[in-house]
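The next block holds one structure in the form of structure tokens; read it before the comments.
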Amino acid sequence: MFISVLELFKIGIGPSSSHTIGPMVAAKDFIGRIGEYISSRPATPDMSVRCTLKGSLAFTGKGHVTDNAVTLGLHGYVARDLVNHDVTTMAREACRHNNITVDDSRTIHFSPDDNIIFDQGPALKEHTNGMIFDLLGESGETLLTETYFSIGGGFINTLSEINQLVAPIKTHSADTCPYPFDSARSMLAMAAESGRSIASMKHANELKHRTEEALDHGLDDIWESMQACIKKGLATDTTLPGGLNLPRRAKNLHEQLQDNPGGADVNDWLSAYAMAVNEENAAGSMVVTAPTNGAAGVIPAVLYYYVKHENGSIMKIKEFLLTASAIGGIIKHRSSISGAEVGCQGEVGAAAAMAAAGWCAIHGGTPEQVENAAEIALEHHLGMTCDPVKGLVQVPCIERNAFGAIKAHAAASLAIHGTGKHFMPLDNCIEAMKQTGLEMSAKYKETSLGGLAVSITEC
């Protein structure tokens, strides 16, 4: 099993990796398939594209602007292209013409209002985040179809791919990797045998897939984007979009801490930094998927605290990211990071485990202590639901990232002060998360049908 650090951490836009970035990737893939289909056939004005959103995508897609994501994807965009652009305006402009250009010349009909269907019937059995794309002919007959699943973190699978998987995701072969660990247990065994740190093993694996220069550039890009996101969030105090009329709070909180730094502790600073990121995410701005958009604030907050308050070096930042990605890869391989599949334990819980592992590593933790830190952080997110109010990644998501960062820091501290020996292995904790997610009611898995989402009385 191999999942690159540059795949787990992806630069894109908010508000959701599974409901925004994933559908955009799927839509762009489908328009490419249409191009191949009509390359030897005439495209007529009577052809049209239909997208049917299923499961969680249908229930909370409006709040997550999934319709805009599909529209932009069908027009050939990916999330990275839209950083620093007004995405809402771009989507509105894309909708205005009610058609899609294929191969720079031929057009087919597409109207988001008519051709994106939010089907709130039964979800597809393979995964709750399902999308069915159809190319329709003049009489409404299906000429081409593909089913996609957005499985968290901006990753997608087609129907054929998801049916062939032996693990929850499609991964790269680790046959050529010098340290092909697919569990925490095998990771620790390889670390003990080689005498290497987790980050060192992960680094060696990465170099089998890209050059040292490409890896360094990618890690630098990730960290620079995380910093830019925090700084922008700390400087902005507008009302968040979506209808809840929530004012941003990170800027005001940060200014209070700066005015009285002696009265602030690590929890205060982590909260300000994490909330800054997730307010940017809620606004649809640039964020780094870490490992999802809904949990994008945890890891940057912990890293930013390390740099700003402990004068952390760029080498340590890279060690942190490599360690965190090793843990994130194991969690994604053995369970899920999708809130629609296992609840928020798979999003903020996974992010906290990754952050705790990274923090422990850069403070001299042994591989055993790093694994312990990740387990402690994940363990204390077990059972956490995903129940966003109005389907928006705002309540409770923004504050939840602050607490995820705080738990990550506390977990790492506990682990560093221990020996690394502990009762519950990380692999077992990941399995518990998976089983808890499987048994969790769909009401609490990003459908906004239960929990906090239905606990608000509107007057």
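Would you confirm whether any residue within the range 256-272 is crowded, with 20+ Cβ neighbours inside 10 Å, hydroxyl-bearing (S, T, Y) and in contact with a Leu (Cβ under 8 Å, 6 or more places away or on another chain)? Looking for residues that are crowded, with 20+ Cβ neighbours inside 10 Å, hydroxyl-bearing (S, T, Y) and in contact with a Leu (Cβ under 8 Å, 6 or more places away or on another chain), one finds at least one in the range 256-272, hence yes.
For the range 95-114, the count of residues that are at pLDDT 95 or above and β-branched (V, I, T) is zero. The set of residues from the range 294-343 being closer than 15 Å to G404 by Cα and β-branched (V, I, T) comprises V298, I299, V302, I337. In the set A377, A355, which member is in contact (Cβ under 8 Å) with a residue 40 or more places away in the chain and either within 21 Å of I337 (Cα to Cα) or assigned to a helix (DSSP H, G or I) (or both)? Unique residue meeting the criteria: A355.
Considering the range 31-51, the residues that are crowded, with 18+ Cβ neighbours inside 10 Å and β-branched (V, I, T) include one that is farthest from the chain's Cα centre (by Cα), namely I38.
Conditions tested, residue by residue: (1) within 23 Å of A199 (Cα to Cα); (2) buried (at least 24 other Cβ atoms within 10 Å of the Cβ).
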{"position": "W359", "(1), (2)": "yes, yes"}
{"position": "I416", "(1), (2)": "yes, no"}
{"position": "E439", "(1), (2)": "no, no"}
{"position": "I456", "(1), (2)": "no, no"}
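Residue-wise test of (1) within 30 Å of I330 (Cα to Cα); (2) crowded, with 17+ Cβ neighbours inside 10 Å; (3) not basic (K, R).
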site	(1), (2), (3)
I100	no, yes, yes
T107	no, no, yes
A123	yes, yes, yes
F133	no, yes, yes
I162	yes, yes, yes
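Residues are listed down the side, and each one gets a yes or a no for (1) among the β-branched types (V, I, T); (2) within 15 Å of S18 (Cα to Cα):
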| site | (1), (2) |
| --- | --- |
| G328 | no, no |
| K332 | no, yes |
| E341 | no, yes |
| V348 | yes, yes |
| A352 | no, no |
| A357 | no, no |
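For the structure I just gave you, tell me whether A282 is out of contact with any Gly (no Cβ under 8 Å at 6 or more places or on another chain), within 29 Å of G346 (Cβ to Cβ), surrounded by 24 or more Cβ atoms within 10 Å (Cβ to Cβ) and of a type in the set (G, A, S). When the stated conditions are applied, A282 does not pass them.
Could you check, for the range 312-327, whether at least one of its residues is at pLDDT 95 or above and not in a helix (DSSP H, G or I)? Yes - at least one qualifying residue is present in the range 312-327. A295 - would you say it is in the same structural domain as K390 (by TED's automatic domain parsing) and buried (at least 24 other Cβ atoms within 10 Å of the Cβ)? When the stated conditions are applied, A295 passes them. Please name all residue pairs, on different chains or six or more residues apart, with Cβ atoms under 9 Å, provided the first residue is in the range 238-259 and is assigned to a helix (DSSP H, G or I) and the second residue is among the β-branched types (V, I, T). Partner pairs satisfying both residue conditions: A250/I230; A250/T236; A250/V277; A250/I398; K251/T236. The residues of the range 180-195 that are surrounded by 19 or more Cβ atoms within 10 Å (Cβ to Cβ) and closer than 11 Å to A326 by Cα, listed by number, are F181, A184, M187. Against the condition at pLDDT 95 or above and closer than 26 Å to G243 by Cβ, how does V87 come out, does it pass? No. Being over 19 Å from I230 (Cα atoms), assigned to a helix (DSSP H, G or I) and not basic (K, R) is a condition met by no residue of the range 279-301. Once the range 177-199 is narrowed to residues that are part of a helix (DSSP H, G or I) and touching a residue at least 40 places away in the same chain (Cβ under 8 Å), the residue that is farthest from L8 (Cα to Cα) is A192. Residues that are at pLDDT below 95, more than 20 Å from S335 (Cβ to Cβ) and under 23 Å from the mean Cα position of the chain (by Cα) within the range 164-208 comprise just one, S173.
The values are calculated or read from the model by the stated rules, or taken from the named source; none is laboratory data. Computed from a predicted structure; not experimentally measured. With ideal geometry, Cβ positions are generated from the backbone for all residues, glycine too; neighbour counts draw on all protein chains shown.
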